[in-house]
1. How many angstrom separate the Cα center of segment A:270-290 from the Cα center of segment C:213-241?
2. Shortest first and in nm with one decimal, please list how far the A:Arg171 label point sits from its counterparts in the other copies (point 7 Å along Cα→Cβ).
3. Residues of B:243-251, mean number of Cβ from any other protein chain within 10 Å of their own Cβ, rounded to a whole number?
4. In nanometres, what is the gap between the two model label sites at C:Lys110 and A:Asp90, each 7 Å from Cα along Cα-to-Cβ?
5. Pairs of alpha-carbon atoms within less than 8 angstrom and 6+ residues apart define the contacts here; what relative contact order does segment B:10-97 have, in percent?
6. Which stretch or stretches of segment B:270-297 have amide N atoms under 13 Å from the point lying 7 Å from B:Thr237's Cα along the Cα→Cβ direction?
7. Kindly provide the helix-only [θ] at 222 nm of the protein assembly as shown, computed as the sum of -39,500 (n - 2.57) over DSSP H runs of four or more divided by all residues, to the nearest 500 deg cm²/dmol?
8. Just tell me which lysines come within less than 19 Å, Cα to Cα, of C:Lys39; anything on the same chain fewer than 8 places away is out.
There are 4 protein chains.
Amino acid sequence: MSANSSSTSTKAVGECASLILQGRDRPGIVAAVADVLAKHNGNIVSLDQYSDDPEGGHFFQRTIVQLEGLKARLPELEADLTTALSEGFDITFTLRDLSQPKRVAIFASKSDHCLLDLLWRHSHGELPVSIAMVISNHPDLAREVQRFGIPYFFVPSQGPDKSEAEAEHLRLLKDNVDFVVLARYMQILSPSFIEKVGVPIINIHHSFLPAFIGAGPYAKAKERGVKLIGATAHYVTEDLDEGPIIEQDVARVNHSDSAADMQRRGANVERNVLSRAVYWHAEDRVLRNGNHTVVFP
Amino acid sequence: MSANSSSTSTKAVGECASLILQGRDRPGIVAAVADVLAKHNGNIVSLDQYSDDPEGGHFFQRTIVQLEGLKARLPELEADLTTALSEGFDITFTLRDLSQPKRVAIFASKSDHCLLDLLWRHSHGELPVSIAMVISNHPDLAREVQRFGIPYFFVPSQGPDKSEAEAEHLRLLKDNVDFVVLARYMQILSPSFIEKVGVPIINIHHSFLPAFIGAGPYAKAKERGVKLIGATAHYVTEDLDEGPIIEQDVARVNHSDSAADMQRRGANVERNVLSRAVYWHAEDRVLRNGNHTVVFP
Amino acid sequence: MSANSSSTSTKAVGECASLILQGRDRPGIVAAVADVLAKHNGNIVSLDQYSDDPEGGHFFQRTIVQLEGLKARLPELEADLTTALSEGFDITFTLRDLSQPKRVAIFASKSDHCLLDLLWRHSHGELPVSIAMVISNHPDLAREVQRFGIPYFFVPSQGPDKSEAEAEHLRLLKDNVDFVVLARYMQILSPSFIEKVGVPIINIHHSFLPAFIGAGPYAKAKERGVKLIGATAHYVTEDLDEGPIIEQDVARVNHSDSAADMQRRGANVERNVLSRAVYWHAEDRVLRNGNHTVVFP
Amino acid sequence: MSANSSSTSTKAVGECASLILQGRDRPGIVAAVADVLAKHNGNIVSLDQYSDDPEGGHFFQRTIVQLEGLKARLPELEADLTTALSEGFDITFTLRDLSQPKRVAIFASKSDHCLLDLLWRHSHGELPVSIAMVISNHPDLAREVQRFGIPYFFVPSQGPDKSEAEAEHLRLLKDNVDFVVLARYMQILSPSFIEKVGVPIINIHHSFLPAFIGAGPYAKAKERGVKLIGATAHYVTEDLDEGPIIEQDVARVNHSDSAADMQRRGANVERNVLSRAVYWHAEDRVLRNGNHTVVFP
């Protein structure tokens, strides 16, 4: 059974903005923000708030606000929020017109199950993103992707030196995307690339982290005789397999499953977990906090 | 895998209140409430909000607020909220000191799995309620219950006329409890009792409603050859098996399970589902809306 | 978390046969069969056996047997089994060369999620069937299907009289398929068609039967305020929505999910449940017993 | 949703035996065994068979056989099986009268959730074992246990030298038990004890192995920001946390769960996982194979 991802925000999205706040908790934040929104006659469609410690902890808030003539009034609203939060608060915020879907580039290699799941959901209106391009170190999936009307860029990346490939990646991505998804992209990204790309990168790890870190998790799972296998979607950081976890799920296996069977079952879990993570990220439902995430599903 | 029930509210409960708001949605509700809380220097520990339609729909909000000297200041806070919400809003609210656990009476018959699960969790500090009494139409479980230091009242209830038993129930419950839990109580409550008792009643139905309504669900499930069996916790209304659903869950069965096996597995699901429902109700996480519920787990 | 479907049978399939036995239980069946297999020097790769009552109940057995030169020796093996089981046993059996995948026709309408999931798994070697054709009462999915190299037949079927369409269906299917899958085919099949087609038909019902029988289950689920939605794969019989259940699963929903959201989540469950059911049927893992099934996953 | 544990064996157990076979796979094993059973007029109630490689792999079989006058005829049946399997087979077997429940000692410390779950299920006839004793390094749970009519032995075990405590354990266990369950027993067993006790030991590890090996898994899980926590039941070997896994399960958590909340949820998973493992072991459903298990649930 899978976790929730709600979708209130899909209603009347043309007039809705997401407002994400993060910072040091103290009394009055919600009121200060709600006052500004009320002054603009904005209607709060949904509000999720969490504080990891009411006494001086970290504060997280996701608000979806409906506002007539949103586009025109966004700058003024933003200015008013900046003013309201400048006095005595230690809070940062982002305000985003939800009618503008986030732009994403998907990286893939030869496995297509995660990639196709994202493309299929997107083509059915189930993924509120704009897929700007697919980048792969193999040419194999080009036709498959282009069929969906999405550009496919084959960027070879062999050997330990990724600098040329990554330079090409950066050229393609620059100013064109708001986040990157690694949909079973089997190449390691250099710290320099991660820094330069400047947008969040979501990866699907084909195991239930922190178990079976690294390559070949299904063989390791078979070897260890586990009864459940899983997958983990996380943000990419310099520490491989150690970035903040967004979502995880598992599937049951048994002794009669070969490593190949586990891989087949695992593929199912991977695509579901990655799709949920991308969906939540697209709707600003995932707030990063150090090496953790706060997810308002 | 089971659903979430978070528990931020268990922190610093001695100084926390829950504020539940419900009514017609319009801009400004969150701000009006947050202003009052900020004026009292209350810190919003968590805030969940939901509107079933931003344009004139129904509005639901659960707020946990931390306030120094809460007990003494509650009346003033309540008065200020009443004032703030009287002007132009169509909203009702309840404000409750969370250090005062809700008082509950548990009704049981001969099955003890749900009852014992509640008593056990309570005795381990995992259920923020005060169990005032257990009432049963059988004497069987008396020793079991009294061992936990909880009063047990045996109220026989045979035949179709429940009026005498129910009169006794009402005498016992009057002013003593904030809600009632039917932990596999195998007697039907009369509409008159439900009305007179005047507090919410939570029932565990031993099937995955609306499938297998009524008695003998496991035999019916076996007969129908289903592959999953479930349980449903719901509020009791005059319409048997039709009250607002709080929580549901399932367990997998197969052809080799007899109806008795299904019952055994079902008992597991029942106790987990009922415990979650009682926990959420105890923490004001369940808001009723007609024949539905809004649950902020 | 999903149920198991093991896959021992994928090993060395070229030399494996499935032997399915069903009938009245009595001592000696397993021995009689195993003797014949041993005489042929067959190796039992897996054996699942179930009896619904050891005293005169119904007996079910699925055996995968490995045999060198299988194809040539199948007739003799079949003859020997017939002889061995003719004396004092009330058992029927089928013996099938597993290297010959079952041939299937998939019926669809406009929804493509179940259909594409089957096509995608098949194209990745994850579904041991031969997809002979897709038949639809709409032309919409033709290109999508033909891309997989599979014939698509558009057979209009409007109005209450299905006789012309069904006659065309029967012409297409005759001798060409071993079973039929209704992958969200939104037309009711006539009892006459079900009888004439003469092969098993698997349907995916977009609800957790027996709850929400009939059309519009997601709207009904929303209306009822359920916390889990599900899907059911079953064999089609004359009694609509009442045929033997093969597999079921559920997904969690909450108050913030609209009926459309539930439908989107439900689609996920539907495609997983249907794929499992088709996989199991393809590998002779589902044995029918009146209105029930025995599944050896 | 939890895994299956079927229960055919509860039927007519007084006349049923379990026959467990393990060894090198080759054609004819099933037939040889079935012949002996048929000769004794035994009825095979259920038969599960698995081979990890049909060509010279390892063979596993669990058979439940019903036999009139079982007790008297067991020695002869055993002798006939020994004879039948001595010629050309490399197979060992155990034959056990299922009406004789396995005797178990449960070790506990201060946590009672796993212990009480076992005691409760046992007292309700849901666990086909005979609980010979509870042994604890703390006196706290004595009254709780003795209430169920089960002997409680308090054996202090402080400091690194466990030899005295373990000597006492061995005195208590010798010839009295068929297996041992560590129900959250917080002491490490010495390799010498594991060897001398000579019966299988089942442990519940409060994490989803191999993640979070060792102590404090909930704190580690919180620190790592995981979205699922789990528990693992396994046989104890000299390698701490590395013995063959019997069963695993998970529960969903989120950012708002403290390490204590995770522990509370984890306790639920632990008791369910341990109970399933004990149930399966009691019914001879778990076959060890090196560091793996074959489970016929």
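The values are calculated or read from the model by the stated rules, or taken from the named source; none is laboratory data. Since we're looking at a predicted model, the values are computed, not measured. Positions of Cβ are generated from backbone atoms using ideal geometry, with glycine treated the same way; all protein chains shown enter the neighbour counts. Surface accessibility is based on the protein's heavy atoms, side chains included, excluding ligands, DNA and RNA. Shrake-Rupley method; radii C 1.70, N 1.55, O 1.52, S 1.80 Å.
1. If we compute the Cα centre of each part, the gap is 29 Å.
2. Distances to the matching label points in the other copies: 5.8, 8.2, 9.1 nm.
3. 4
4. Using points 7 Å along Cα→Cβ, the separation is 5.6 nm.
5. Dividing the mean separation by the residue count of segment B:10-97 yields 46 percent.
6. B:288-294, by backbone N distance to the label point.
7. Values: 32 runs with 376 residues, N = 1188.
Dividing the helical sum by the residues of the protein assembly as shown leaves -10000 deg cm²/dmol.
8. Qualifying lysines at Cα under 19 Å: C:Lys71, D:Lys39.
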